[in-house]
1. D for the chain, whole µm²/s, Stokes-Einstein with Kirkwood Rh over alpha-carbon pairs at 20 °C and 1.002 mPa s: what number?
2. May I ask you to derive the relative contact order of region 452-515, considering only C-alpha pairs under 8 Å and at least 6 residues apart, and to give it as an integer percent?
3. Can you tell me, using C-alpha contacts under 8 Å and at least 6 residues apart, the relative contact order of region 1-69 as a whole percent?
4. Give me the distance between the Cα centres of region 343-381 and region 199-278, rounded to whole Å.
5. log10 I(q)/I(0), Debye, Cα-only region 285-370, no solvent, q = 0.13, 0.20, 0.21, 0.26 Å⁻¹?
6. Which angle from 0 to 90°, rounded to the nearest 10, does the C-alpha axis of helix 334-345 make with the longest principal axis of the chain?
7. Between the helical axis of 22-35 and the dominant principal axis of the chain, each derived from Cα atoms, what acute angle in degrees is found, rounded to the nearest 10?
8. Can you give the FRET efficiency to the nearest 0.05 for residue 344 and residue 211, using r as the Cβ-Cβ distance and R₀ = 41 Å?
Amino acid sequence: MSFNPQFARIGEIIIHKGYASEEQIKEALIKQDNFALKLGETLLKLGYIQERQLLECISLQLDIPIVNSSELMELDVETVSLISEPFAYENRVLCMRVIDDTCVVAMTDPDDLNILDSLKKVLNKNVEPILIGDSLLTDALEKYYKSIRTTSQVEDAVGNFDFVAVDSDDNEISIDSGTDSKADAPVVKMINLIISEAIKAGTTDIHIEPLVKSTRVRFRVDGALREVMNPPIAMHAGLISLIKVMAKLNIAERRLPQDGHMGLKTAVKSVDVRVSIAPTVLGEKAVLRLLDKGDFGFKLSTLGFESDDLEIFQKVIKRPYGIIIVSGPTGSGKSTSLHAAIKTIENIETNIITVEDPVEYRLQGITQIETKDEIGLTFLSALRSVLRQDPDIVLIGEIRDFETADIAVKFSLTGHLVFTTLHANDAPSTITRLIDIGIKPYLVGSSLCLVMAQRLVRKICPNCITDYKPTDIELLQAGITQEEAKEINFRIGAGCVHCDNTGYAGRQGIFELLSITPEVRTAIFAEKNQDIIKEKALEQGMRTLHDAAIRKMTKGVTSIREVIKLTIND
C-alpha cells in the first residue's frame, strides 16, 4: 500500500522522509507539552530537523506550495498593506497577491482555521494559503511594512521622536526651535523616521538631496548607497532647516557650505553625527555621517586578516617605537584596524593616548582626546600637549599636513610607538605621499616600521549565495586567465529579502602589508619612486590589495564584481 502524506500525521511523514527517527519523534511528543509547541516546532527546538525539512513535510500533508524567497522580492506594497501591520505580525501572515476575488496569503500555520476565518473577514475575500518559513516571513514583514511606513502616510505612522538630539556638552537640543509646530509636524516626523531607520539599518552615512520633483534619501550600508525613500520636494527645505537647527548651523545661510555636528541618543545607543550641508543647483544637500559611540567590539582576528598577514601585524604592533601607518580612502576601516590593534596591546603598564577628530570608538583604559577647532584644541596643539603626558604609545587620528607628520616622526624617533592613518591608494604610494608632504626621505625610512593599505569588500549573503560564471570581460578586468578561471568556484549573491536584494551582507577587510625591510629602507633613502619601492616590497613577500581580494574571492567570501570594483590589477 502506497504512502499518502495527506492522510498521515506530521510525525509519520517526517519518519517516512527519513528526517528524524521514531525515538526522536517519541521524545518530541513527550516534551512538546512542556515547550507549549507543536510537534514539528518541538523537533526544530531540539535540533532534530531543519526548518526546510519541516516545511516540506507540512507542504506534503496539506498539499500546499511553499513560498520561494524569490517570490518575495517585488511584492506590491498596496497589496501587502491590505493586512494591517499588527495583524500580520501577531498572526504571522503576509498578503502576497490578489487574483480576482481571492487573496493569496503566506502563512506559517496554514492549518489554523481561526486565522483563516479572521483573514476572510479582514480582506473580505476568499483566502488561498501558502506555506512560508518563520525566518523568511520575518524578513519580508520587516522589509514591506517598513516601506509602507515610509510612504506618504508617514506622518500617521510615526509618532514622537525615537531619539534625543544633544550638543557637545550632552545638553538636549530643542528641535522644535525655529519651526511652526503644526506646519512643520510632518517634517519633524520625517526626520525622526529617516534617522531612526538609518540607525536600525546600521547606516554609516545619510544622503538627503533635492531632485526636480522629489527629495531623495539614501543610506550607505556596507559601503554602498541605497535609496530608501522619496519625500515630496515641498518638504525638502524644511528637512534641511531642521537638520541645521539640530547641528546649530545658520538656518538663513543657503548659499555657502556649512559643517557641524550633533549627538543623538536612542534607547539602544548613542550616535555622534557629523553634518555637511552643500548648496547645489536644485537646493541644499545634507550628508550626515553616523558614528557609533558605543563600546568597541572588534578584534584583529575578526577583521579579515589572512593568517600570515595577521602574524606580521601582531608582531609589528608590539615594537617599542616606530610609526605604523594604515592608509586608504574614507570609510575603508582604517580607524577600526588601529583601534583593534591598540586594544590588543593595551595593558596596565602602558600609557596609550589618542588624538582624534572625532573619537569614533570609546576604549576603556585608554586616554582619548577629541579635537575641537572652535576652541583652539587643534591636532597640533593637542599633540604638543601629549608629550607632557608621559605616553608610551600615541594614536594620531590622521596625518593631514607637514606639522602633524613632523610630530609623528619626532615621537617615533624619541622612543614612542605611533599609530596613524593617511589617505593614499596603496602602501607604496603612502611612503611617497609622506615625502610629498615634506618629510625628508631619511626620516621616513628611519621612523617607519610598517605601512598597511586596506579596503573593505562586501561579503556574499549566505542566504542567497549561488554559483556564478563570470564573463570574459570580467575575467580580463580582474586579471584572471581562462585557465585560472577553470580552477575557481566563482560565487555571487542572487539577492533575497535577507540582504534587501543586494546579494551582500556585511563587509570584511583586505590588506596590503609593506614591511620596512632593509631593502625597502634603502630604496626610500635613495628617494626611489613608488614603483621601485613596490617592486622591492613584492620581492620581500608583500601581497597587493588585488591579490588579497582575489584570495577572498577564491574562498567564496566575496564576488569577482567586488574585486573589480575595489582593486586594480597591475
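1. Details: Rh = 27.6 Å.
The diffusion coefficient I find is 78 µm²/s.
2. On the way: 91 pairs, mean separation 34.8, N = 64.
Computed over region 452-515, the figure is 54 percent.
3. On the way: 52 pairs, mean separation 26.2, N = 69.
The normalised contact order for region 1-69 reaches 38 percent.
4. Spelled out, the Cα-based centre of one part sits 27 Å from the other.
5. Summing over Cα pairs of region 285-370 leads to -0.47, -1.09, -1.20, -1.68.
6. That works out to roughly 80 degrees.
7. Once rounded, the angle reads 80 degrees.
8. Values: r = 46 Å, r/R0 = 1.13.
For R0 = 41 Å, the calculated efficiency reads 0.35.
The values are calculated or read from the model by the stated rules, or taken from the named source; none is laboratory data. From a predicted model like this one, the values you see are computed outputs, not experimental measurements. Every residue, glycine among them, receives a Cβ derived from its backbone with ideal geometry; neighbour counts consider all protein chains shown. SASA here: full protein model, heavy atoms, side chains in, ligands and nucleic acids out. Shrake-Rupley method; radii C 1.70, N 1.55, O 1.52, S 1.80 Å.
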